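Heads up: the structure comes next, in structure tokens.
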Amino acid sequence: MSDLMSVVDWSRAQFALTAMYHWLFVPLTLGLSVIVAVMETIYYRTRSERWLAITKFWMLLFGINFAAGVATGIILEFEFGSNWSNYSWFVGDIFGAPLAIEGLLAFFMESTFVAVMFFGWKKVSPRFHLAATWLTAIGASISALWILIANAWMQYPVGMEFDPEQMRNVMDDFRAVALSPVAMHKFCHAVFSGWALAGVFVLGVSCWFLLKKRNRDMALRSMKVGGWIGMAGMLLTMWSGDGSALDVARVQPMKLAAMEGLYEGKCGQEIVAFGILNPEKTAENDADAYLFDISIPKGLSFLATHDFNAFVPGINDLIDGIELTPEGDTIRTDSYAERIAIGLKAHEALRAFDTAAAAGDSTAMASAAAKLKENYRYFGYGYLESPYDAVPPVALTFYSFHLMVILGGYLLIFFIVALWIVYRRPSALGHKWILWLGMLTIPVVYVCSQAGWVTAEVGRQPWIIQDLMPVQAAISDISTGAVMITFWMFAAVFTAFMAAEVGIMLKQISKGSKSDYESLKD
């Protein structure tokens, strides 16, 4: 058992490593593609040589980042077969469909038009080139859509039925999978946060131009476009985040409780604006949850239900079987101990079906299949040894969520102030501390983005598929040593890859700042 958990932990670490490196490139691709498209639209309308130069400069940085994102994304998908083959078999018919659509439709669309973007300036008409740029941006978002539909299904499995003859889940409602509200909110949240990240990136790089006193007009024009796209992205990220919070409260209440470090729920539940968790606190003791906290009265009730007085269950409430319905009503449901018992019945029925199938006993097969269907909703709980195994890492989820929220608030203020300075007080851009603040906000927005991803993925542990499959049931039959070797190989390769990508970006930024921009016609 200890060797099994070691394989699980190292496989999770490897996947997390790959995903976090990949997520360094994805949001910038999503946001910068839109910013470049807007800049080219301005060039198309004005035919200004300066706007053409600005467009080409940011387009080159987009291309470098796009290539890096593709490389890391391919490796990420391969890991489902190498490290998580049981998962791939269990839900391959469902999980594979969105990924196949992404590869066949969105990625080909994206990669086709990105070639026109870079090599078609003098080969196609300006109108067609502009269309190709916008289609590249749209293709990038469509690509993200199908990947996030697959991820959202893991968080909220719908549109499928378990087939005991195949020992796997099969899709029976593609519409339910593709249009899941969880998927739509995740898609909007990811894409719009990419706009915000790219907006910060453009503002930060432009601040570097101003610090070096090079191409001031280019920097100011870039800051206006990046600032407005970033501001729109930040506001829309907050709007979509509200929808995601409602989804989490309905379909992943344990994640919400972990995000707040909430063990005992109540009506009119406050939300922690800032707090330090008590490291001694667990669901199995009566210690105080926080060493220190500053809370907003009734905030969590409103976040979870849009009702200031609604009941929000805590970790212990959920373990005892007290939840909210999708309509926001408080109900008594199966406790986690009861769910484990029901999950074990489902496992027993599946084994009975397999035995009956081997013996050719159709009557026993039908009886076992009926029992399996009756108990399948908690199939994954049958793998757990204790109700407390279903509690995610509270500290990591709590701090990641609050870091994301705090930094998101800072970024909103940053965009407001940046736009005010650019339009009303451009002379303030002569102060070095303001320019340094703009540049240092680039790593801040990346930390915020990564914190959101950690919250979403760590908060649903131990599930790889919510309620149906925990991570220990999803891994491949491989040794711990093999996973450790590939982990450190990926860590070394990705770090070197990231260093090379950043080096190339910095070189191109430096080269762009030295270009003779001011000689161009407006």
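The values are calculated or read from the model by the stated rules, or taken from the named source; none is laboratory data. Values in this document were obtained by computation on a predicted structure and should not be read as measured data. In this analysis, Cβ positions are derived from the backbone assuming ideal geometry, glycine residues included, and neighbour counts consider all displayed protein chains. To get the accessible areas, we keep the full protein, side chains included, count just its heavy atoms, and leave off ligands, DNA and RNA. Shrake-Rupley method; radii C 1.70, N 1.55, O 1.52, S 1.80 Å.
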Notebook entry, point to check: Based on the mean of other beta carbon atoms within 10 Å per residue, what is the order of 338-345, 424-431, most packed first?
Noted result: 338-345, 424-431
Next item on the list: Can you tell me the FRET efficiency between HIS306 and LEU220 if r is taken as the Cβ-Cβ distance and R0 is 35 Å, rounded to the nearest 0.05?
Entry: 0.30
Checklist line | Segments 171-183, 499-511 sorted - mean Cβ within 10 Å per residue, highest first | finding: 171-183, 499-511
Next item on the list: Excluding ARG12 itself, calculate the net charge of residues whose Cβ lies under 13 Å from the Cβ of ARG12, where each Lys or Arg counts +1 and each Asp or Glu counts -1.
Entry: -2
Next item on the list: Give the long-range amide H neighbours of ILE271: residues separated by 5 or more places, or on another chain, with amide H under 5 Å away, using H modelled in the peptide plane at 1.01 Å from N.
Entry: ILE296, LYS298, GLY299, LEU300
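Can you tell me the order of 487-498, 439-450 when each peptide is scored by its average per-residue count of other Cβ atoms within 10 angstrom, highest first? Walk me through the numbers before you get to the answer.
On the way: 487-498: 14.2, 439-450: 18.2.
In decreasing order of mean packing, 487-498, 439-450 become 439-450, 487-498.
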Notebook entry, point to check: From a point 7 Å beyond the Cα of ASP389 in the direction of its Cβ, which residues of the stretch 61-98 have a backbone N at a distance under 16 Å?
Noted result: none
Item checked: Computed FRET value (nearest 0.05) for ALA13 with ALA67, which takes r as the C-beta separation and R₀ as 22 Å -> 0.25
Margin query: Using a 7 Å offset from the Cα along the Cα-to-Cβ direction at both TYR290 and ALA337, what is the distance between the two label points in nm, to one decimal?
Written below: 3.1 nm
Checklist line | FRET E, pair ILE74, LEU179, Förster distance 25 Å, beta-carbon r, rounded to 0.05 | finding: 0.35
Note to self: Per residue, how much accessible surface does the stretch 84-201 expose to a 1.4 Å probe? Answer in Å², no decimals.
What the structure shows: 42 Å²
Check: Cα convex hull of the chain: mean projected area in nm², to one decimal?
Finding: 26.7 nm²
Item checked: Links that overshoot a 21 Å alpha carbon limit, given the list LYS186/LYS281; LYS255/LYS371; LYS56/LYS511; LYS212/LYS432; LYS255/LYS345; LYS281/LYS345 -> LYS186/LYS281; LYS255/LYS371; LYS255/LYS345; LYS281/LYS345
Next item on the list: Report the local net charge at PHE353: Lys and Arg +1, Asp and Glu -1, summed over other residues whose C-beta lies under 14 Å from its C-beta.
Entry: -1
Checklist line | Summed side-chain charge close to PRO126 - residues other than PRO126 whose Cβ falls under 15 Å, Lys, Arg +1, Asp, Glu -1 | finding: +4
Notebook entry, point to check: Across the stretch 50-62, in residue order, what do the Karplus-derived ³J(HN,Hα) couplings come to in whole Hz, using 6.51 cos²θ - 1.76 cosθ + 1.60 with θ = phi - 60° and x for Gly and Pro?
Noted result: 5, 5, 5, 5, 5, 4, 5, 4, 6, 5, 5, 5, 4
Next item on the list: Enumerate the residues in the stretch 197-216 having an amide nitrogen under 18 Å from the point lying 7 Å beyond the Cα of TYR423 toward its Cβ.
Entry: 199-200, 203
Next item on the list: Starting at the first residue of the stretch 23-39, write each ³J(HN,Hα) from the Karplus equation 6.51 cos²θ - 1.76 cosθ + 1.60 with θ = phi - 60°, in whole Hz, x for Gly and Pro.
Entry: 6, 5, 9, 4, x, 5, 4, 4, x, 5, 4, 5, 4, 4, 4, 5, 4
Margin query: Quick check on the chain: helices-only [θ] at 222 nm, where DSSP H runs of length 4 and up contribute -39,500 (n - 2.57) each and the sum goes over total residues. Nearest 500, please.
Written below: -24500 deg cm²/dmol
Notebook entry, point to check: Percent of accessible area on the chain owned by carbon and sulfur, 1.4 Å probe?
Noted result: 65 percent
